[in-house]
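Engineer: Pasting a structure here, questions to come.
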Amino acid sequence: MSYQRAERLGYMSLDEEMADTMDEFEEVFYNEDTNLDDFEMVTEGTDTSAAQARKGKDIQGIPWERLNITRQSYRLTRLEQYRNYENIPLSGDAVDKECKQVKKGGNFYDFFYNTRLVKPTILHFQLRNLVWATSKHDVYLISNYSLMHWSSISNNLTEVLDFSGHIAPSEKHAGSLLEGLTQTQISTMAVKNRFVVAGGFQGELVCKCLDKPGISFCARTTYEDNAITNAVEIYDSLSGGLHFMAANNDCGVREYDMEKFQLMNYFRFPWPVNHTSMSPDSKILTVVGDDLTGLLVDSQNGKTVGSIVGHLDYSFASAWHPDCRTFATGNQDKTCRIWDMRNLSSPTAVLKGNMGAVRSIRYSSDGRFLVVAEPADFVHIYNAEGEYKKRQEIDMFGEISGVSLSPDDESLYIGIWDRTYASLLQYNRRRSSVYVDLFT
């Protein structure tokens, strides 16, 4: 990831990719004759239930009937004018010429609820792992300087941790910054097994147990200028304990245990590492970053055991299928590529997005589905059991801060960052044609 570009952005400053989206949205929606009183009336915070959506209400609560353009017309405009960010010029155009998109038609998850009480935000335009579901009813996300918890049962939003001021660890561990941190800008996060690990713009790491007050561990991975934490992952190690991995822009990948928060491994690569993911058996690590080639490395010693060749730009996402053989990588060339580690000569499938880079990938825990998120507007769900030949498309407007499946795969959450229509979308797994709505 380009640190210079991130540095220029600053905290929540709009980059070209995001500014184009929002400014264009407002310019199309509003003209000089728009009555501001009407604007406030039609944009006031309203949630949308499945029952309301079936009666014709827009799932995001956008009042198209009051605006200067139809949804269909604006969608066409967005598809025509959206500019995908590329580090390698024309990488997306090359893919468009050689790859066909999987046809729509799948229907695996149904829209259930959208809440505009929740306001997801994004720190860096290339990093979109800021939404995590720990159950089908519980979601953690970043909103400005705060770690927030949303309960879909009680419709209650609570602040878990405020990073805007001074935070300091309440436990003593070797290597922990007892003096703490101030105004930590969160670039990425992970939540699992009642632990939160948040990574910061200056290489910070903050660990918290959700069952305890206070913070367990604070650290700076590096004091280099090029320090942003690009990704973190919590997983079960080969030894059986809970560990986490942090990937940084200083070309380093660091492994910590989560009992004493000690550095267990440090692997260094020739380029900034944008994302890593551990195989389900904890033996192999995917490593992707600012290079056309990704790597498979031994999780114990960091030695390369395979190379991933085929993408045309830099990669920012990866995920493993539960079978321990299949994995996916997401790239700024607008593709998600599926690989079989037994034969890496070519991908087994190439899945092309609509208009932007693949920023987030999630496999369902049962291996049946693959969720792929673009930077804005589109999330795709593929039938992994059917060789990825069926696709459900979720179509919305706004920057996607993250996507997350609940551990039981029953719920899919999508964070949307937008100046007016920021919200959290919930989709529930389709089990039959019968709707059961808890909200009307």
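The values are calculated or read from the model by the stated rules, or taken from the named source; none is laboratory data. All values reported here derive from a predicted model rather than from experimental measurement. Here the Cβ is made from the backbone with ideal geometry for all residues, glycine too, and neighbour counts use every protein chain on show. Each accessible area value is taken on the protein alone, full model and side chains, heavy atoms only, with ligands, DNA and RNA left out. Shrake-Rupley method; radii C 1.70, N 1.55, O 1.52, S 1.80 Å.
Engineer: Report the residue, chosen from G402, G165, G252, that carries the largest GNM mean-square fluctuation when the chain is represented by alpha-carbon nodes joined by springs under 10 Å.
Structural biologist: So, out of G402, G165, G252, the one fluctuating most is G165.
Engineer: Another question, if that's okay. How many nm is it between the label spots at D47 and K212, if each spot is 7 Å from the Cα in line with the beta carbon?
Structural biologist: Placing both labels 7 Å beyond Cα along the Cβ direction yields 3.3 nm.
Engineer: Which ³J(HN,Hα) values, rounded to whole Hz and listed in residue order, are derived for the stretch 424-431 from phi using the Karplus coefficients 6.51, -1.76 and 1.60 in 6.51 cos²θ - 1.76 cosθ + 1.60 with θ = phi - 60°, glycine and proline given as x?
Structural biologist: Listing the rounded values in order: 10, 8, 10, 10, 10, 4, 6, 10 Hz.
Engineer: Moving on. In nanometres, what is the gap between the two model label sites at D281 and D298, each 7 Å from Cα along Cα-to-Cβ?
Structural biologist: Going from the D281 label point to the D298 one covers 1.5 nm.
Engineer: Here's another thing I want to ask about it. Enumerate by residue number the trypsin sites (Lys or Arg not before Pro) in the stretch 330-375 meeting two conditions: DSSP loop (anything except H, G, I, E, B), and at most 11 other Cβ atoms within 10 Å of the site's Cβ. If you can, show how the numbers build up before the last one.
Structural biologist: Numbers: sites: K334, R337, R342, K352, R359, R362, R368; in loops: K334, R342, R359, R368.
Sparse-neighbourhood loop trypsin sites (Lys or Arg not before Pro): R342.
Engineer: At what distance in nm do the modelled label points of K55 and R342 sit from each other, each positioned 7 Å from its Cα along Cα→Cβ?
Structural biologist: Calculated label separation equals 5.4 nm.
Engineer: With every protein chain present, what accessible area does Y363 have (1.4 Å probe, heavy atoms only), rounded to the nearest 10 Å²?
Structural biologist: Per-residue accessible area (Y363): approximately 30 Å².
Engineer: Another question about this same structure. Mind listing the Cα extents of the stretch 58-188 along all three principal axes, in Å, largest one first?
Structural biologist: 55, 42, 32
Engineer: Another one. Given the options D313, D211, D250, state which has the largest fluctuation in a GNM of the chain using a 10 Å cut-off (strictly under) for Cα springs.
Structural biologist: D211
Engineer: Net charge near S299: determine it from the other residues with C-beta under 9 Å of the C-beta of S299, scoring Lys and Arg +1 and Asp and Glu -1.
Structural biologist: On the way: positive: K283; negative: E255, D298.
Here the count lands on -1.
Engineer: Protein chains only, probe 1.4 Å: how do E179, E259 rank by accessible area, largest first?
Structural biologist: So the residues, ranked largest to smallest area, are E259, E179.
Engineer: Tally Lys/Arg at +1 and Asp/Glu at -1 over every other residue whose Cβ is under 15 Å from the Cβ of E159; what's the total?
Structural biologist: Within the 15 Å Cβ shell, the charges total 0.
Engineer: How large is the accessible surface of D162 in square angstrom, using a 1.4 angstrom probe and rounding to the nearest 10?
Structural biologist: We get 60 Å² for D162.
Engineer: Post the alpha-carbon centroid distance, the stretch 292-365 to the stretch 231-255, in whole angstrom.
Structural biologist: 18
Engineer: Which one of S423, G402, H321 is farthest out on the positive end of the charge dipole of the stretch 317-427, using unit charges on Cβ (Lys, Arg +1; Asp, Glu -1) and the Cα centre as origin?
Structural biologist: It is H321, whose Cα lies furthest towards the positive end.
Engineer: Which cross-chain or sequence-distant (5 or more) residues have an amide H under 5 Å from the amide H of N230, H modelled 1.01 Å from N in plane?
Structural biologist: Result for N230 returns A247, N248, N249.
Engineer: Oh, and also: Using a Förster distance of 22 angstrom, determine the FRET efficiency expected from the C-beta separation of E224 and L263, and round it to 0.05. Can you show the working numbers first?
Structural biologist: Numbers: r = 16 Å, r/R0 = 0.74.
My answer for the efficiency is 0.85.
Engineer: With the full set of protein chains in place, find how many percent of the accessible area of the chain is carbon and sulfur; take the probe as 1.4 Å. If you can, show how the numbers build up before the last one.
Structural biologist: Details: 8430 of 17630 Å².
Carbon plus sulfur share of accessible area: 48 percent.
Engineer: Just to be sure I understand, if you calculate Cα Rg over 2.2 N^0.38 Å for this structure, which of (i) 1.00; (ii) 1.08; (iii) 0.94 do you get?
Structural biologist: The value matching this structure is (iii).
Engineer: While we're here: Under a point-charge model restricted to the Cβ atoms of Lys and Arg (+1) and Asp and Glu (-1), what is the dipole moment magnitude of the stretch 269-350 relative to its Cα centre, in debye to the nearest 20?
Structural biologist: 160
Engineer: On alpha-carbon atoms, Rg over Rh for the stretch 121-194 using Kirkwood Rh? Before the final figure, lay out each step's value.
Structural biologist: Details: Rg = 13.7 Å, Rh = 13.7 Å.
That ratio equals 1.00.
Engineer: Moving on. Between W271 and K389, what length in nm is gained on full extension when 0.36 nm per residue of separation is reduced by their alpha carbon distance?
Structural biologist: Once the chain is fully extended between W271 and K389, it gains 39.1 nm.
Engineer: Moving on. Relative contact order for the chain using alpha-carbon pairs under 8 Å, separation at least 6, rounded to a whole percent?
Structural biologist: Numbers: 1109 pairs, mean separation 72.7, N = 440.
Result for the chain is 17 percent.
Engineer: Now a separate question. Pull out the extension gain between D93 and S307, defined as 0.36 nm times the separation in residues minus the alpha carbon to alpha carbon distance; nm, one decimal.
Structural biologist: 74.6 nm
Engineer: Show the residues, 5+ positions off or on another chain, whose built amide H is closer than 5 Å to the amide H of A349.
Structural biologist: Excluding prolines and chain starts, which carry no amide H, the hits are I338.
Engineer: Identify which of Q262, Q126, Q426 has the largest mean-square fluctuation in a Gaussian network model of the chain, with springs joining Cα atoms closer than 10 Å.
Structural biologist: Q262
Engineer: Then there is this: What does the helix-only formula give at 222 nm for the chain: each DSSP H stretch with n ≥ 4 adding -39500 (n - 2.57), the total divided by the residues, and the result rounded to the nearest 500 deg cm²/dmol?
Structural biologist: Here the helix-only value at 222 nm equals -3500 deg cm²/dmol.
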